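The values are calculated or read from the model by the stated rules, or taken from the named source; none is laboratory data. Remember, predicted model here, so these are calculated numbers, not experimental data. Positions of Cβ are generated from backbone atoms using ideal geometry, with glycine treated the same way; all protein chains shown enter the neighbour counts.
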Amino acid sequence: MTSDLVLEGISKQFAGHRAVDNLDLTVPAGSFFALLGPSGCGKTTTLRMIAGLEEPTTGTIRLGDDEITGLRPYKRPVNTVFQNYALFPHLDIFENVAFGLKRRKVKDYKPKVEEMLDLVELNDYGKRRPGQLSGGQQQRVALARALINRPQVLLLDEPLGALDLKLRRQMQLELKRIQTEVGITFVHVTHDQEEAMTMADTIAVMNGGLIEQLGSPAELYDLPATTFVANFLGQSNLIRGAIIGQADENLIVDVQGRKVLVPKARCRVTEGEVWLGIRPEKVFLAPAGTEEGDGVNQLLGAVVTDVSYVGVSTQYLAKLPWGQELTVFEQNTGARDTFRAGDAVDLHWRPAHSFLLDAAQDALAGVEDVE
Amino acid sequence: MSAVGQLSAASQTPAPPPPRSGRRLTAYLLLLPGGLWLLLFFVVPLVSLLAASLYDPNGSIEDGFSMTWSFGNFADTMADYARPFGRSLWYALLTTAFCLLLGYPLAYAIAMKAGRWKNLMLALVIAPFFTSFLIRTLSWKLLLSDNGFVVDALKWLHILGPDGRLLATTAAVVTGLTYNFLPFMVLPLYASLEKIDRRLIEAGGDLFAGPLTTFRVVTLPLSMPGVVAGTLLTFIPAAGDYINAQLLGTPKQRMIGNDIQRLFSAGAYPTAAALSVTLMAAIVVLVLIYVRRAGTDDLV
């Protein structure tokens with residue numbers, strides 16, 4: 001019944017800037033798909049083009065075999081949960097939810113509305129106006145109003161952006177539950193990487209109108225394809241190095257005179273200058289001079305410069321001899337040594353936990369501004 | 001999810017603390033100048049008008065009027081002036097309808113489509129106020145005159161017969177009224193259309209409502225406060241107007257305002273006052289019924 005949503009060569013040119021640049025994207029039927037990126041990356045424009053609220057400059061949008069590129073919004077089997085909800089203030093909750101069914105002249109819509117209000121746990125609120133509801137309740141009305149139409153694709157534009165943190169967490173799980181229950185394709189636009197990772201099966205990370213990388217949350221986190229993804233999804237340590245040869249399934253990288261190994265399958269480049277990437281929780285600290293076995297990458301002679309204890313883990317900053325500071329997260333399991341600022345340490349990690357990126361990319365791309 | 005319900009129940013705003021007496025005094029002091037003004041120039045004349053409507057109708061300016069509580073004045077004047085009275089309300093209704101028909105699209109265009117021309121267009125709507133009401137109505141007299149180009153053009157187009165005319169007709173009076181009160185319709189309509197969240201219109205489209213349906217079920221209901229305000233601001237002054245009927249009409253088009261004005265000048269105070277009070281009462285009743293029926297309480 002539902003079919004894949006396919007975008008081919010989609011571009012959107014606004015006066016003076018290109019919001020979306022030649023985008024190809026396939027959203028499999030029934031998936032929870034997230035478009036993730038910083039503001040201005042083109043994710044909302046992409047969503048609005050799928051909804052029909054914006055017309056693409058070039059390219060086609062298809063739902064299964066049907067092309068919907070030029071269709072007016074009200075002719076598309078697609079519904080949207082708007083940012084800030086856009087509930088009709090002059091209609092009560094029941095009428096808001098019934099809106100789409102009434103427009104399509106669905107007979108006997110009342111039980112369907114009741115059922116949908118039941119799904120979002122708002123049965124007793126049918127007679128209230130949107131203005132009398134809390135943010136979280138309004139959010140669920142917006143969801144019910146869109147879902148009741150059984151769209152082939154449900155579009156969510158920063159749906160949780162207006163909620164406070166605690167409610168947001170709760171709604172993330174709730175949205176995921178509802179999506180599993182109704183089995184409709186969800187396309188979710190967000191700038192919150194945690195939100196995207198919690199809910200989506202597949203994430204497309206967008207930047208500057210392009211898709212940087214597409215994959216499952218685990219794939220993106222484990223093996224980012226660009227420095228932007230490495231920094232935007234979680235944190236990464238990016239260390240400058242150069243490929244100097246290979247051994248079996250590994251490339252040998254020279255980092256300030258020290259050789260480290262990276263599996264070939266985890267390398268985006270095969271020669272020249274590189275960024276060697278390791279996630280902070282995959283780096284381990286050991287007192288200086290500790291012998292590590294073969295097959296472990298090591299950087300020696302670091303000094304702990306900062307220690308932040310955050311309960312479940314401790315976050316260290318370790319300064320390498322050439323001045324670069326690496327971030328290290330250690331779980332507070334009690335099984336490992338803890339360190340204090342000023343301690344001399346060696347750093348080590350398993351080759352399979354590192355990745356290589358092209359050194360031509362900006363090491364700071366995607367690093368979130370501190371707000 | 002039940003936590004959400006508890007949250008909203010708990011977040012009810014506590015009653016504000018009672019203001020201290022000093023603050024309350026300040027509030028009254030701030031009300032004082034306006035209150036005095038209204039007392040002097042609204043309440044006193046109103047009471048004097050009400051009193052005048054009950055004077056002995058046989059009095060005159062020379063001999064003075066005596067208070068005889070002549071409630072019969074109302075019945076007598078209504079018998080004599082029912083026709084211009086009805087005509088006034090009818091013209092005002094026509095004027096309101098035409099202003100709404102002309103003003104809504106205009107206000108909609110300015111609010112939704114004008115883009116960077118918005119301010120210029122608003123200024124143009126207000127521009128007529130830079131000239132006196134009287135002079136503008138006199139210019140309409142010229143425009144619509146028998147030898148004017150409007151009449152010539154309409155004759156040439158065979159819309160008007162060879163001896164047809166515009167001036168001194170009902171059409172001329174209603175046209176003049178419509179012209180004069182159009183800004184009072186456009187401005188409140190613009191204000192309420194302008195503040196409609198565009199995403200609500202997008203949401204209508206997203207939820208299977210075509211442009212016309214979206215207008216009918218989203219835009220129009222949300223602009224009702226503007227419609228109510230605009231129609232009131234048009235109907236009320238139009239019903240009491242006499243300039244347009246005097247300059248653009250004949251005695252056949254005379255409105256109740258013309259009679260009131262003539263009676264006052266002729267010194268027939270009780271009759272004029274009774275007519276004024278009846279007109280005021282009629283308008284208040286009509287407006288109350290209208291506002292009740294329009295049911296916009298929860299929108300404004």
Pick out the one residue from B:ALA229, B:ALA239 that is among the hydrophobic types (A, V, I, L, M, F, W, C), more than 14 Å from every other protein chain (Cβ to nearest Cβ), buried (at least 21 other Cβ atoms within 10 Å of the Cβ) and part of a helix (DSSP H, G or I). B:ALA239
Note on the stretch A:84-112: residues in a loop (DSSP other than H, G, I, E, B), over 21 Å from A:LEU133 (Cβ atoms) and at the interface with chain B (Cβ under 7 Å from one of its Cβ atoms) are A:ARG104
Taking the stretch A:267-318, which residues are closer than 24 Å to A:GLU249 by Cα and either in contact with a His (Cβ under 9 Å, 6 or more places away or on another chain) or of a type in the set (Ser, Thr, Tyr) (or both)? A:THR270, A:ILE278, A:ARG279, A:LYS282, A:VAL283, A:PHE284, A:GLU292, A:VAL296, A:ASN297, A:GLN298, A:LEU299
Looking at (1) assigned to a strand (DSSP E or B); (2) over 17 Å from the mean Cα position of the chain (by Cα), which is the only condition A:LYS166 fails? (1)
For the stretch A:177-197, the count of residues that are assigned to a helix (DSSP H, G or I) and either exposed (fewer than 15 other Cβ atoms within 10 Å of the Cβ) or away from every other protein chain (no Cβ under 14 Å) (or both) equals 10
Output the number of the condition that A:PHE339 fails; it satisfies all remaining conditions of (1) assigned to a loop (DSSP other than H, G, I, E, B); (2) touching a strand residue (DSSP E or B) at 6+ places or on another chain (Cβ under 7 Å); (3) surrounded by fewer than 16 Cβ atoms within 10 Å (Cβ to Cβ). (3)
Being exposed (fewer than 15 other Cβ atoms within 10 Å of the Cβ) and within 16 Å of B:LEU187 (Cβ to Cβ) is the requirement here; does B:PRO105 meet it? yes
Some residue of the stretch A:133-140 being surrounded by fewer than 23 Cβ atoms within 10 Å (Cβ to Cβ), away from chain B (no Cβ under 11 Å) and in a loop (DSSP other than H, G, I, E, B): no
Looking at A:ASP248, A:ASP254 in this structure, which one is of a type in the set (Asp, Glu), modelled with pLDDT under 90 and not assigned by TED's automatic domain parsing to the domain that holds A:GLU54? A:ASP248
Qualifying residue in the stretch B:192-199 (condition: more than 30 Å from B:ILE260 (Cα to Cα), under 28 Å from the mean Cα position of the chain (by Cα) and more than 13 Å from chain A (Cβ to nearest Cβ)): yes
Screening A:GLY70, A:GLY59, A:GLY30 for residues that are away from chain B (no Cβ under 14 Å), without any contact (Cβ under 8 Å) to a residue 60 or more places away in the chain and assigned to a loop (DSSP other than H, G, I, E, B) leaves only A:GLY70
